[in-house]
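Reviewing the structure listed below.
No lab work stands behind these numbers, since they all come straight from the coordinates. Owing to the predicted nature of the structure, the values given are computational and were not obtained by experimental measurement. When we count neighbours, we look across all protein chains shown, and the Cβ atoms used for this are built from the backbone with ideal geometry, even at glycine.
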Amino acid sequence: MKSILNLTYSFLIENYPSSFSELTINKVNFGVNLTYAELSDGSVGIASTLFEERIKPHKCNRDFGDFSPSKIKGQNVITLFETEKESDLLKSLKIAVFNAISGSLIRKNKYKILDSTDPIDLIKYGEGTKVCMVGAFRSYIEKIGASGADLKVLELN
């Protein structure tokens, strides 16, 4: 079964192949909560930093391949998405890079960006409608709940 990361990559490479060929990673910061990626086209993306829950490998078993800390800068994003290596930090980096790429695609395709707009004001909800929200955003829960809509919230934490 393909992961959501692999499916997203497949979709992007099929639909926007020219967006990837020359795109490289300029800068990466792994923080306690967020991972930051800056790409060669100037786009940036962030993602939650995921952490390994397994025991760390002994020094002699560490990976010093293409995506070890000192070698990430300058890597082509295609190499990142096609690497066989797996780790939570690499997943965090891939998501941050996807977010950077998506911002770039939105700008290039001239999607309409609405500033100073609450996303909740862009959907129709009320008595008899079904709404599913990813993330427990209290103000949205209260607003949608008060409307009489059938609200479901998906939340991991």
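Taking every DSSP helix (H) stretch of at least 4 residues in the chain, weighting each as -39,500 (n - 2.57) and dividing the sum by the residue count yields a mean residue ellipticity at 222 nm of -9500 deg cm²/dmol.
Separation of the alpha carbons by more than 24 angstrom is noted, of 91/152; 108/143; 2/91; 2/85; 27/108; 2/27, for 91/152; 108/143; 2/27. Among the chymotrypsin sites (Phe, Trp or Tyr not before Pro) in segment 63-157, those placed in a DSSP loop whose Cβ has at most 11 other Cβ atoms within 10 Å are 64, 111.
Principal axis extents of the C-alpha atoms in the chain (largest first, rounded to whole Å): 60, 41, 31. Each part reduced to its alpha carbon centroid, segment 118-143 and segment 1-24 end up 31 Å apart. The listed peptides 10-16, 31-37, ordered by packing as a protection proxy, come out as 31-37, 10-16 (highest mean of other Cβ atoms within 10 Å first).
Working note: Karplus 6.51/-1.76/1.60 with θ = phi - 60° gives segment 99-108 the couplings 5, 5, 5, 4, x, 5, 5, 4, 5, 5 Hz, where Gly and Pro are set to x. Tell me the relative contact order for the chain as a rounded percent, counting alpha carbon contacts under 8 Å between residues six or more apart. Relative contact order, the chain: 20 percent. Taking the longest Cα principal axis of the chain as reference, the axis of helix 4-15 is set at about 90 degrees. Full extension of the chain between residue 124 and residue 3 yields a length gain of 40.4 nm, computed as 0.36 nm times the residue separation minus the alpha carbon distance. Partner aspartates and glutamates whose Cα lies under 19 Å from the Cα of residue 130, excluding those fewer than 8 positions away in the same chain, are identified as 121, 142, 150, 155. Beta bridges from DSSP with both residues in the chain: antiparallel share about 70 percent, rounded to the nearest 5. In plain terms, the chain from residue 107 to residue 136 could stretch by 7.5 nm, reckoned as 0.36 nm per residue minus the Cα-Cα distance. Give the shape of segment 88-149 as rounded, prolate or oblate, defined through the alpha-carbon gyration tensor: a ≥ b ≥ c are the square roots of its eigenvalues, a/c under 1.5 means rounded, and otherwise the shape is prolate if a/b is larger than b/c and oblate if not. Note, shape of segment 88-149 comes out oblate.
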